[in-house]
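The structure appears below as structure tokens.
The values are calculated or read from the model by the stated rules, or taken from the named source; none is laboratory data. Nothing here was measured: the structure is a model prediction, and the numbers come from that model. Virtual Cβ from ideal backbone geometry, glycine too; neighbours counted across all protein chains shown.
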Amino acid sequence: MKRNIRISLAILIAVGLVSCVEQGGLKAGSATGKSMLQLIPADSRGVLMIDIHRALTTDTVEKALKDEKMKQKYDDFVKMAGLDPMKDVYFLAVGLAGSPAGHEQEGALILNLRYNKDQLLAKLKEAEKNIQEETYNGLTIYRVLDAKRTGVPPAGAFLDDSNIVLGNDKTVRAVIDVHRKKADSVLKNVEMGKVFKAVNMSAVGWGAFTVPPDKIKKAAEQNPMLKPLEGVMGLAMSFDYANRNLISEIQSLGGTKEQNKQLADTLSGFKAMGAAYAAKDPVLMDLLSTLEISSGPDYVKIYSSIPSELLEKVQKMAQERFGGKLPFAVQPPKEEKKEEKKAETEIKK
């Protein structure tokens, strides 16, 4: 009898520990990409997750920081923010709500990190003079009011000693509600759950998105080339770095076997066109050759494994042709026109 009691207690303790791991894990240093989903609102249509700590400790980043200019920029950021991303920042999670193709889309960004609240708040108030504070659900929301800014004012809140949320007033409130257990997380979203099953959540970076059928159908009616996309209901992607290779996988979910084959054939056609265009450029050819396109009864997959040596060649090519800036790189708003003009000049040369 006593033996049975001891076994029962052991089982209960084991179940309790597993439950704690599943429900907790939001502490900086022990959080995982999956556990961070507990902070993202249920109505999210898309999730992006980046393991910042792993991404910044790869040999590629370490090699880049050996460059004096890069190292100086990094050190300046550490001094300005009072944070060392390589040591203090762990995850960046983004939850997106609304239509993926429209101005009504909104999102919240959550940082999982070790930080000093008083120090960060002091730096914020030093940089932004007009900050409005409001208590909501037991936490303080900070809104930056600036007459020069257009649109909805940015907002943020310190959720706990490991997590900070940034967004606008609406999205920050939504995350606070989830954090305070006043609303469900995206883990309760059935459609997103189907996409999560196809995602490699152990990768350095990954994303999951649901696709509104009506949007795809409308787009296909306007452009016949998008017809194979009609059956797509979700998109799963992951990016990882292992054995000195950048591994990426993008997978569409849904559709019939015939639709998926047609989509895969279309993508293969684009790859062939790209190969013809890049025939005289060995680096681009090598890059295109890493792409593998396949399809199945309910998916289309694009897989690529790029060796670090090839990545270095691509970087060198970008430096030679665009002065270290890719033509599609996102630039700060004030410098956008200037950089676009510079890229155009380099291309003409």
In the set ALA198, ALA208, the lone residue that is more than 13 Å from the chain's Cα centre (by Cα), in contact (Cβ under 8 Å) with a residue 60 or more places away in the chain and either under 15 Å from VAL94 (Cβ atoms) or not in a helix (DSSP H, G or I) (or both) is ALA198
Which pairs turn up if I take residues in segment 161-182 that are in contact (Cβ under 8 Å) with a residue 24 or more places away in the chain and on the phi < 0 side of the Ramachandran plot and look for partners that are polar (S, T, N, Q) and crowded, with 22+ Cβ neighbours inside 10 Å with beta carbon separation below 7 Å, at least 6 apart in sequence or on another chain? SER162/ASN112; ASN163/ASN112
Would you call GLY107 at pLDDT below 95, crowded, with 19+ Cβ neighbours inside 10 Å and assigned by TED's automatic domain parsing to the domain that holds PHE91? yes
Unique residue being touching a helix residue (DSSP H, G or I) at 6+ places or on another chain (Cβ under 9 Å), closer than 18 Å to SER185 by Cα and either modelled with pLDDT of 85 or more or surrounded by 12 or more Cβ atoms within 10 Å (Cβ to Cβ) (or both) when the list is LEU120, LEU92: LEU92
Filter result (surrounded by fewer than 16 Cβ atoms within 10 Å (Cβ to Cβ) and at negative phi) within segment 136-152: TYR136, THR140, LEU145, ASP146, ALA147, LYS148, ARG149, THR150, VAL152
What number of residues within segment 44-87 are in contact with a strand residue (DSSP E or B) (Cβ under 9 Å, 6 or more places away or on another chain) and in contact (Cβ under 8 Å) with a residue 40 or more places away in the chain? 14
Give all pairs with beta carbons closer than 8 Å in which a residue from segment 111-139 that is free of Cβ contacts under 8 Å to residues at least 60 places away in the same chain and farther than 19 Å from VAL172 by Cα meets a residue that is surrounded by fewer than 11 Cβ atoms within 10 Å (Cβ to Cβ) and of a type outside the set (Asp, Glu); count only pairs at least 6 apart in sequence or on separate chains. LYS123/MET80
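Let's see how each residue does on (1) among the small types (Gly, Ala, Ser); (2) surrounded by 14 or more Cβ atoms within 10 Å (Cβ to Cβ); (3) closer than 16 Å to ASN163 by Cα:
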position	(1), (2), (3)
GLN38	no, yes, yes
ARG54	no, yes, no
GLU62	no, no, no
MET86	no, yes, no
ALA97	yes, yes, no
Here the residues within segment 27-43 that are part of a loop (DSSP other than H, G, I, E, B) and in contact (Cβ under 8 Å) with a residue 12 or more places away in the chain are LYS27, ALA28, GLY29, ALA31, THR32, GLY33, LYS34, ILE40, ALA42, ASP43
Hits in segment 44-80 - residues which are part of a strand (DSSP E or B) and among the charged types (D, E, K, R): ASP51
